Amino acid sequence: MRYVSTSGNSPAATFRDSLFSGLAPDGGLYVPERLPEIPASLLKSFEDQSMHSIGREISALFIDDIPPQDLSAIVERAWTFPIPLVPLEENLHLLELFHGPTLAFKDVGARFMAQVLSYYLKKSEKEITILVATSGDTGSAVAQGFFEAPHITVCVLYPTGKISKLQEQQMATLGKNIRAFEVDGTFDDCQRMVKEALSDVDLVRKRNLTTANSMNLGRLIPQIVYYVWGLAQWSKKFSGTDKPTVVVPSGNFGNLTAAVYAKQMGAPIGKLIAATNVNDVVPQYLTSGEYKPRPSLQTYSNAMDVGNPSNLARLRTLFRDNLAELRKHISAISISDDETLAEIQKTYERTGIILDPHTAVGVSAARKSGGAGPVIIAATAHPGKFPEVIERAIGKKIPLPKQLVEAMKRGKVSVRVKADYNALREWLSHRK
Ligand SMILES: *Cc1c(COP(=O)(O)O)cnc(C)c1O
């Protein structure tokens, strides 16, 4: 399997090269040259297989230089938590992707990517350093995902005082191979310092510096796995019925892209619905045919506050930039903050289940779409991460999940630095 750039001006790459480089040299995103098909007999056999063995089979379709037994070890180390398909109401199911250490679906991809990177590094006896600038959530998913991954040091830069205590505790208390830099400045300062480091040729060579952004194929492939797994669970339970619609709460549209890939590969998905908050550039684009990126607005579902979604390039490439084809496969619905709160409240009253604001956008979109058939909604985060919004919606405090209680108890082990690249450079030049 080879990978080509959505911008079309880079040579085809192996999976391994795409993993280490992140973006293609022409600035595009890597996509598979051709999507592999899952043979019907294999698909049927998935109904009786574990998430891990489906993970091995699906990743083997994309990664051809890692033997099956090693892929098994990688997925077993990456996914130490369940991904259950849970009934919500008649015809509505949640695929709960949030049982990992940071309680959001990004754990699934980040932990797989960390294991695969470590695997290749062990073969080459190389050590790398990954730099990430964060305004909160990405840093904690990457830090937790790469925690104790061999041959990798992660440096997370965050603006002091500008992220929540919970977010800080999740990334600045780990120690070992995770270095947290508390920067006296803003998120933009952190991002600038990372960019300066990545263009510092000497340092890049000396420490094998790279980054771990969400456009990396190493995070996309594992997300295909959970759709195939979820649909296999569904088929086993409801064989012979209509294919379910899948609804994906979307920001950068990586998770939706994974669902579209799963469908094109043969997973029994009916329609696909992208659910956004008021940052609705994709719903607007599907309606008007004009793509107009714009600055993002802040909402309750803040991990989806994206004004120029990066993975749309992958979807446009898949459907050869043909709007009619895109519309045939994907519809999109935008949900306001008021509708999000109302959905959390309504679902709680009806079922006793508390949705996080992102999943609530998905459930609300599922209801709005008005279809009569079965629906699976990707549940992207645990409600316990958003206590203020939940309290506003249902008038009750919810207990902090145990992962977060643990994180709150740990002591901080961060390094405070000035918002100046030299401070970071000094540290990276002299320390392990
Ligand atoms: C990142 C995130 C999203 C958006 O996912 P994309 O792949 O960027 O569309 C949705 N919900 C939660 C909780 C997230 O953290």
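Bear in mind that the values in this text are calculations on the coordinates, not laboratory data. Keep in mind the model is a prediction, meaning the values are calculated, not measured. Cβ placement follows ideal geometry from the backbone for every residue including glycine, while neighbour counts extend to all protein chains displayed.
3J(HN,Hα) along the range 131-140, derived from phi through the Karplus expression 6.51 cos²θ - 1.76 cosθ + 1.60 where θ = phi - 60°, amounts to 9, 9, 9, 9, 9, x, 6, 4, x, 6 Hz, with x in place of Gly and Pro. On full extension, the segment bounded by residue 398 and residue 2 gains 137.9 nm, given 0.36 nm per residue less the C-alpha separation. Helical content of the chain, expressed as a calculated mean residue ellipticity at 222 nm, amounts to -14000 deg cm²/dmol (DSSP H runs of 4 or more residues, -39,500 (n - 2.57) each, divided by residue number, nearest 500).
Take the convex hull of the alpha carbons in the chain; its mean projected area over all directions comes to 19.8 nm².
Taking label positions 7 Å along the Cα-Cβ direction at both residue 195 and residue 405, the computed distance is 4.3 nm, reported to one decimal. Please compute the contact order of the chain in relative form: average sequence separation of alpha-carbon pairs under 8 Å and at least six residues apart, divided by the residue count, as a percent. Reported as a whole number, the value is 18 percent. According to the square roots a ≥ b ≥ c of the eigenvalues of the Cα gyration tensor, what is the shape class of the range 220-324, taking rounded for a/c under 1.5, prolate for a/b larger than b/c otherwise, and oblate for the remainder? Prolate, because a/c is 1.5 or more and a/b exceeds b/c. Evaluate the distance, in nm, between pseudo-label points positioned 7 Å from the Cα of residue 420 and of residue 372 along their respective Cα→Cβ axes. Rounded to a tenth, the inter-label distance reads 7.0 nm.
Of all DSSP-defined beta bridges confined to the chain, some 20% are antiparallel rather than parallel. Say the cut-off is 25 Å between C-alpha atoms; which of 263/402; 106/176; 236/385; 346/396 go over it? Violating the 25 Å limit, Cα to Cα: 263/402; 236/385.
Shape class of the range 53-191 from the Cα gyration tensor (axes a ≥ b ≥ c, square roots of the eigenvalues): oblate, since a/c reaches 1.5 or more and a/b does not exceed b/c.
Partner aspartates and glutamates whose Cα lies under 14 Å from the Cα of residue 409, excluding those fewer than 8 positions away in the same chain, are identified as 168. Couplings 3J(HN,Hα) of the range 325-332, computed from phi: 5, 4, 5, 5, 9, 10, 10, 9 Hz, in residue order, whole Hz [Karplus 6.51 cos²θ - 1.76 cosθ + 1.60, θ = phi - 60°; x for Gly and Pro].
For the range 265-414, the gyration tensor built on C-alpha atoms gives a prolate shape. Its axis ratio a/c (a ≥ b ≥ c) is at least 1.5, and a/b is the larger of a/b and b/c. The gain in end-to-end length when the residue 76 to residue 213 segment is fully stretched comes to 47.0 nm, 0.36 nm per residue minus the alpha carbon separation.
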